[in-house]
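**Student:** Once you've had a glance at the structure underneath, I'll fire off some questions.
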Amino acid sequence: MNRPQLRKIVPIDGLLLVYKPPGMTSKDVTRWFQQRIGKVKMGHVGTLDPLAEGLLPLLFGKATRIQDFLLAGTKAYEFDVGFGVATDTLDADGQVVAHAPKEHITEEQLHKICESMVGDFMQVPPMYSAIKFQGKPLYEYARQGKADQVPLQLLRKIIQIESLHCLRLVDGVGTFRIRCSKGTYVRVVASQIAEQAGSLGTITRLLRLSSGDLSCEQAFKLDELENNLENLNERIIPIQDINLAIPSWRALDTALVDRLKMGQEMHVEMKTFEGGLTHDGVRRATIRSLDHVILIDNNGKSFGIGSAHVLNTGRIAVRMKRGLA
């Protein structure tokens with residue numbers, strides 16, 4: 001197979017929304033770019049299983065420093081569950097390990113199960129997952145036949161299901177839509193739906209629809225990018241235009257900006273700070289201490305993520321925690 005021709009393209013610092021096709025890992029997508037534009041600093045927001053498709057946000061350059069803020073967003077998925085069969089990976093890529101009756105399952109029953117699963121729950125991760133135990137991903141234990149060495153119950157965590165709906169049930173395959181917190185394993189949710197329905201189930205299709213306010217409909221397919229790589233930067237969202245769902249503060253004083261960049265804590269008058277503070281585009285009339293705030297210079301460009309705390313004097317102590325410029 002001929003390797004793709006390398007093109008000398010330097011991506012701007014920012015966010016690119018990619019539509020990951022099924023069959024590729026998330027790392028495969030980053031390798032796809034490196035094979036075409038060379039090795040650049042990049043990362044992906046959230047990992048998708050090889051079977052999964054849909055939205056995969058990629059970060060380039062200094063934008064990789066805000067990855068944790070984008071990871072925190074609520075995720076939405078559409079998925080199909082094949083009832084009556086279970087696999088070791090909980091999806092169609094695994095080996096079948098058991099069968100169970102499925103003819104008794106009705107769409108009305110699935111609607112009620114979905115309603116009962118909305119809320120906060122403790123979820124145990126599947127063995128075939130990238131969560132690490134003693135520095136090694138769980139899937140390595142599973143592949144080596146050492147699953148009994150992993151205390152899965154100790155790795156459980158609270159997840160939130162905001163909404164879960166059964167869209168249809170056709171020929172033993174249920175289609176569902178879910179909105180959930182980060183770190184939720186949809187494969188486990190599918191297995192639990194099947195269990196409550198008195199059967200077994202495995203994911204046969206998984207589509208990530210959105211992550212935070214980023215939508216699959218905005219994403220570019222790889223073949224579309226392949227045919228127009230020279231204009232890649234036109235499709236990358238610059239750092240200052242990425243919505244991180246945290247407040248931003250615009251500093252008009254260039255000397256103050258320079259000192260913040262040098263790591264100095266700056267004390268600002270309350271009125272001055274309030275005048276430059278926005279949250280989701282709306283000015284805040286009063287403030288409290290902020291653990292995270294986007295710092296913007298007088299040209300409207302993001303130069304860092306900082307914190308802002310109210311002092312006993314009534315002034316605001318602003319400090320840059322990580323640079324973006």
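**Student:** Once the Cα atoms of helix 26-37 and of the chain are each reduced to a long axis, what angle between those two axes, in degrees from 0 to 90 to the nearest 10, is obtained?
**Tutor:** 50 degrees
**Student:** Can you tell which of L154, L206, L232 shows the greatest fluctuation in a Gaussian network model of the chain with Cα springs below 10 Å?
**Tutor:** L154
**Student:** How much area per residue is accessible in region 102-176 when the probe is 1.4 Å and only protein heavy atoms are counted (Å²)? Numbers along the way, then the final one.
**Tutor:** Values: 4570 Å² over 75 residues.
About 61 Å² of surface per residue is accessible.
**Student:** For region 204-213, take each phi angle, set θ = phi - 60°, evaluate the Karplus expression 6.51 cos²θ - 1.76 cosθ + 1.60, and give the result in whole Hz per residue in order, putting x for glycine and proline.
**Tutor:** With the stated coefficients, region 204-213 comes to 10, 8, 9, 10, 7, 7, 7, 9, x, 9 Hz.
**Student:** Under the rule of at least 5 residues apart or a separate chain, name every residue whose amide H is placed under 5 Å from the amide H of K321.
**Tutor:** The list, which skips near neighbours in sequence, is I305, G306, S307.
**Student:** Over region 1-92, average the accessible area per residue using a 1.4 Å probe and give it in Å², no decimals.
**Tutor:** On the way: 3850 Å² over 92 residues.
Accessible surface, normalised per residue, equals 42 Å².
**Student:** Next question, about the same structure. For region 119-171, rounded, prolate or oblate, judged on the Cα gyration tensor with a ≥ b ≥ c (square roots of eigenvalues), a/c < 1.5 rounded, else prolate if a/b > b/c? Don't skip to the answer; put the middle values down first.
**Tutor:** Working: a/c = 3.35, a/b = 1.73, b/c = 1.94.
Judged from the Cα gyration tensor, region 119-171 comes out oblate (a/c at least 1.5, b/c at or above a/b).
**Student:** To continue, here is another question. Give me the number: length gained by fully extending D28 to K182, i.e. 0.36 nm times residue separation minus the C-alpha to C-alpha distance, one decimal in nm. Please report the intermediate quantities before stating the final value.
**Tutor:** Values: separation 154, 0.36 × 154 = 55.44 nm, distance 2.16 nm.
Residue separation times 0.36 nm, minus the Cα-Cα distance, leaves 53.3 nm.
**Student:** Additional query: Can you pull the accessible area of E226 for me, 1.4 Å probe, Å² to the nearest 10?
**Tutor:** 50 Å²
**Student:** Okay, moving on. With every protein chain left in place, what is the accessible area of H165 in Å² (1.4 Å probe, nearest 10)?
**Tutor:** 110 Å²
**Student:** Just to be sure I understand the model, the point goes 7 Å from the Cα along the line to the Cβ. What's the resulting V96 to F133 distance in nm?
**Tutor:** Spacing of the two 7 Å Cα→Cβ label points: 2.8 nm.
**Student:** In a GNM of the chain with a 10 Å cut-off on Cα contacts, which of R208, R235, R288 has the highest mean-square fluctuation?
**Tutor:** R288
**Student:** Expected output is a single nm value to one decimal: the length gained when fully extending between Q5 and D171, i.e. 0.36 nm times separation in residues minus the C-alpha distance. What is it? Walk me through the numbers before you get to the answer.
**Tutor:** Working: separation 166, 0.36 × 166 = 59.76 nm, distance 4.56 nm.
So the chain would gain 55.2 nm between Q5 and D171.
**Student:** Taking all protein chains together and a probe of 1.4 Å, list W32, W249 from the most accessible to the least accessible. Working shown, then result.
**Tutor:** Details: W32 30, W249 10 Å².
These residues rank, largest area first, as W32, W249.
**Student:** Here's a follow-up. Estimate the FRET efficiency between K261 and E195 by the formula 1/(1 + (r/R0)^6), using the beta-carbon distance for r and 56 Å for R0, to the nearest 0.05. Display every interim value, and only then the final one.
**Tutor:** Numbers: r = 54 Å, r/R0 = 0.97.
The calculated FRET efficiency here is 0.55.
**Student:** Which order do T47, T202 take by accessible area at a 1.4 Å probe, largest first? Walk me through the intermediate numbers first.
**Tutor:** Numbers: T47 95, T202 5 Å².
Result of the area sort, largest leading: T47, T202.
**Student:** Could you sort out which of K41/K136; K41/K182; K27/K112; K27/K261; K41/K146 sit more than 30 Å apart by Cα distance in this structure? Can you show the working numbers first?
**Tutor:** Working: K41/K136 24 Å; K41/K182 24 Å; K27/K112 38 Å; K27/K261 33 Å; K41/K146 35 Å.
Cα-Cα > 30 Å for K27/K112; K27/K261; K41/K146; rest within.
**Student:** Same structure, new question: Set Lys and Arg Cβ to +1 and Asp and Glu Cβ to -1, take the dipole of region 1-99 about its Cα centre, and tell me which of A63, L17, F83 lies farthest positive.
**Tutor:** Of the listed residues, the answer is A63.
**Student:** Nearest 10 degrees, 0 to 90: what angle lies between the long axis of helix 107-116 and the longest principal axis of the chain (Cα atoms)?
**Tutor:** Around 40 degrees separate the two axes.
**Student:** Please work out how much accessible surface D28 shows to a 1.4 Å probe, ignoring ligands, DNA and RNA, in Å² rounded to 10.
**Tutor:** We get 50 Å² for D28.
**Student:** Next question, about the same structure. Compare I237, I158 by solvent-accessible area with a 1.4 Å probe and give them largest first, with all protein chains kept in place. Please report the intermediate quantities before stating the final value.
**Tutor:** Details: I237 55, I158 115 Å².
In descending accessible area the options line up as I158, I237.
**Student:** Okay, next question. If you count only protein heavy atoms with a 1.4 Å probe, what accessible area per residue comes out for region 240-325, rounded to a whole Å²?
**Tutor:** In whole numbers, region 240-325 has 56 Å² accessible per residue.
**Student:** While we're looking at this one, here's another question. Could you tell me what percent of the accessible area of the chain is made up of carbon and sulfur, with a 1.4 Å probe and every protein chain present?
**Tutor:** So the carbon and sulfur contribution to the accessible surface is 49 percent.
**Student:** If you don't mind, another one. What spacing in nm lies between the two simple spin-label points modelled at S307 and S215, each 7 Å away from Cα in the Cβ direction?
**Tutor:** Spacing of the two 7 Å Cα→Cβ label points: 3.7 nm.
**Student:** State, to one decimal in nm, how far the label point of E269 lies from the label point of Q149, with both points 7 Å from Cα in the Cβ direction.
**Tutor:** 6.4 nm
The values are calculated or read from the model by the stated rules, or taken from the named source; none is laboratory data. Only a predicted model underlies this, so the values are computations on that prediction, with no experimental measurement involved. We place every Cβ from the backbone using ideal geometry, glycine too, and count neighbours over all the protein chains shown. Calculation scope for accessible area: heavy atoms of the full protein, side chains included, ligands and nucleic acids excluded. Shrake-Rupley method; radii C 1.70, N 1.55, O 1.52, S 1.80 Å.
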